[in-house]
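The values are calculated or read from the model by the stated rules, or taken from the named source; none is laboratory data. No experiment lies behind these values; they were computed from the predicted model shown. Backbone-built Cβ (ideal geometry, glycine too); neighbour counts: all protein chains shown.
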Amino acid sequence: MTYHPSISSDRRKQSYELRTAFILLLMSLVFFLVGSASAQPKKSKYGYFRSSAPGPSTLIIESDPSAQILESFIVVQKANSGDPVAEQELGLRYLFGRGFSADTIKAAYWIRKAADQNLVNAKYNLAILVNNGWGVEWNPFEAYRLFLVAAEGGMMEAQYLIGLLYIDNLVVPRDWNTAYSYLAKSSAAGFKPAREVLDEFAKRGIRIEKDSAGNPVIPKPQPTSKKKSKAGSDTTWAPVFIDLQRDPPTALDDSTLIREAYREANLSLRFTLNREPAEHRRVEEDTSLARIVEAAEIGNPEAMTLIGRLYEKGIAVEQDQILAAEYYVRAVRYDSPRASQLLWKLMQDPGFRKQLDARGRQDDPDALFVWAGTTALKFDQTLNDQKAFELLEKAATLRHLPAMNELGLCAYQGRWTKQDRKVAMAIWQSAASLGSREAKVRIAAAIMTGESENRYTDADLTVLMDAAQEGSITAQLALAFCHEQGRGVQKNKGDAARLYRICAQRGSQNAFNSLKRMYDDLRPADREYVIEE
């Protein structure tokens, strides 16, 4: 099968319409992100993490001010004499590069010495290092034990993290009541991120044991934790609700889609999503939609879902349920629970089926792709797999880029056709030559993960890093594998786990399985850590 480069005027028109629609959507919602959304994330040396690694982690707890004012030579002298406060301070200075060259290994050494002397803050900070693999071997179980000591010592940050660990179902078995208990303690002490997670409990309808009066059993506030924390809610580690078994909330508003697109966006798109209304008035000079389309076309499911919503609602563009479904199908293929919910609801509209049939008979490539896609997802059972594959092939011959990418994936996975990765790579190369960034990412991912005959180069790694920064799940998963195996980058299981976790939070079952495998490889035999399948 041969493909030839061509860009239709319809596609250019769609791009302009989408650009206008996105601007007006933001204006019509009168919804602008506040709180953590307004903060600029710190740039990582890796480029694709949402906040900074290692020293500037917002969850690292600073030492007492009286220790911070000591001169470096006094800190070293006291640390060498065995003073745990000085050991902690010296470790933090190495971590942040204050008075010494930044060195996470030395930082971990001195913080561990302080933790061994039962300094609670040091135990907590050591847990952060261990959980991220900064200066020490990555070990989430050791981190859990250290966090637990700090939580029982009244640290609201540790209480928050222990609460999250009882949600994850990775270190210890999921226990909603225990999670709620620790989160409630943290929230009562004034830790805002804990309050946000408790609010998420309510949104998801998670049931907590109640007392005889029907009130939630909430622990009393901890008087030992009233001082204001320097820890923030945006962290490279934040295991919030990796919960792939639960259905998403039935009520889904547009502000939720924007918030989630913001969360996975790069800096330029975050700036766009957080602009003032007046800045949207000069439509001809605005680049907001161009940025979100770029994110969607590189494999960002949150961006795909948001664009699908534009077409479904017909905001500033002619309403087009088929194009809406196309973006939803693409997002669902990346395990987006939001897109799945919206696609299913859209397909219940009687008019949708009529449009799909009519445009499919006219060989409209968008309709052909949607029909094949909804069949693959088992949302539509009017076609058998062979017929759906034929429709996908036909759309691909019409140079429909999403269809070409999906056809390549079929060959790559052996779905609907014989598995042949050479054929898959050839199809993706054709799509890439037509301008598909998603295809370029898939090619680079296949090469970097060793599933292609091609040898990887720095250019392949750069493609993945750039795409991961824009929210490509394919790129993030491939980079996680690279960090886990040490392919093209320094081997670091903490970095691998962090990337797998980000993808799992976004709905990726493959990422969750990979993350669980990494945990199981280190899982202690103690009954406390046994996770029932």
Query raised in the report: Which of the residues spanning the stretch 137-178 are of a type in the set (Val, Ile, Thr), modelled with pLDDT under 95 and more than 23 Å from the chain's Cα centre (by Cα)?
Result: THR178
Query raised in the report: Can ASP460 be described as of a type outside the set (Lys, Arg), buried (at least 18 other Cβ atoms within 10 Å of the Cβ), out of contact with any helix residue (DSSP H, G or I) (no Cβ under 6 Å at 6 or more places or on another chain) and not assigned by TED's automatic domain parsing to the domain that holds GLU294?
Result: no
Query raised in the report: If we scan the stretch 97-106, do we find a residue that is assigned to a loop (DSSP other than H, G, I, E, B) and either of a type in the set (A, V, I, L, M) or not assigned by TED's automatic domain parsing to the domain that holds LEU129 (or both)?
Result: yes
Report summary line: Flagged in the stretch 324-345 as without any contact (Cβ under 8 Å) to a residue 40 or more places away in the chain, buried (at least 18 other Cβ atoms within 10 Å of the Cβ) and not hydroxyl-bearing (Ser, Thr, Tyr), in numbering order, are ALA324, ALA331, ALA339, LEU343
Report summary line: With the first residue restricted to the stretch 292-320 and required to be among the small types (Gly, Ala, Ser), and the second required to be in a loop (DSSP other than H, G, I, E, B), Cβ contacts under 7 Å at 6 or more apart or on different chains are ALA295/ALA265; ALA295/GLU470; ALA295/GLY471; GLY299/TYR334; GLY299/SER472; ALA303/GLY471
Query raised in the report: Can you spot a residue in the stretch 504-517 that is surrounded by fewer than 17 Cβ atoms within 10 Å (Cβ to Cβ), part of a loop (DSSP other than H, G, I, E, B) and touching a residue at least 60 places away in the same chain (Cβ under 8 Å)?
Result: no
Report summary line: Log entry, pairs with first residue in the stretch 348-365 being not assigned by TED's automatic domain parsing to the domain that holds ASP320, second being among the small types (Gly, Ala, Ser) and in a helix (DSSP H, G or I), beta carbons closer than 6 Å, six or more apart or on different chains, reads LEU356/ALA367; ARG359/ALA367; GLY360/ALA367; PRO365/ALA395
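So that you can scan it fast, the table gives a plain yes or no per residue for (1) touching an Asp or Glu at 6+ places or on another chain (Cβ under 9 Å); (2) under 24 Å from ALA143 (Cα atoms):
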{"position": "THR462", "(1), (2)": "no, no"}
{"position": "GLY488", "(1), (2)": "yes, no"}
{"position": "ASP521", "(1), (2)": "no, yes"}
{"position": "VAL530", "(1), (2)": "no, yes"}
Report summary line: Within the stretch 358-377, residues under 16 Å from GLU406 (Cα atoms) and not in a helix (DSSP H, G or I) come out as LEU377
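Table: residues versus (1) within 15 Å of the chain's Cα centre (by Cα); (2) not β-branched (Val, Ile, Thr).
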{"residue": "THR449", "(1), (2)": "no, no"}
{"residue": "MET465", "(1), (2)": "yes, yes"}
{"residue": "HIS483", "(1), (2)": "no, yes"}
{"residue": "LYS491", "(1), (2)": "no, yes"}
{"residue": "ASP495", "(1), (2)": "yes, yes"}
{"residue": "ALA525", "(1), (2)": "no, yes"}
{"residue": "TYR529", "(1), (2)": "no, yes"}
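Quick one: which of LEU434, LEU368 is in contact (Cβ under 8 Å) with a residue 24 or more places away in the chain, farther than 16 Å from TYR334 by Cβ, surrounded by fewer than 18 Cβ atoms within 10 Å (Cβ to Cβ) and hydrophobic (A, V, I, L, M, F, W, C)?
Details: LEU368 fails: surrounded by fewer than 18 Cβ atoms within 10 Å (Cβ to Cβ).
Only one candidate passes the filter, namely LEU434.
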Query raised in the report: In the list LEU499, LEU479, which residue meets the criterion of being more than 20 Å from ALA303 (Cα to Cα) and in a helix (DSSP H, G or I)?
Result: LEU479
Query raised in the report: Restricting attention to the stretch 378-392, which residues are surrounded by fewer than 18 Cβ atoms within 10 Å (Cβ to Cβ) and assigned to a helix (DSSP H, G or I)?
Result: ASP385, GLN386, LYS387, GLU390
Requested in this report: May I ask you to verify whether ASP495 is more than 16 Å from VAL171 (Cα to Cα), out of contact with any Leu (no Cβ under 9 Å at 6 or more places or on another chain) and at pLDDT below 95?
Outcome: no
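Residue-wise test of (1) crowded, with 24+ Cβ neighbours inside 10 Å; (2) free of Cβ contacts under 8 Å to residues at least 40 places away in the same chain; (3) among the β-branched types (Val, Ile, Thr).
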| site | (1), (2), (3) |
| --- | --- |
| VAL130 | yes, yes, yes |
| GLU142 | no, yes, no |
| ARG145 | no, yes, no |
| ALA150 | yes, yes, no |
| ALA158 | yes, yes, no |
| TYR166 | no, yes, no |
| ASP175 | no, yes, no |
| THR178 | no, yes, yes |
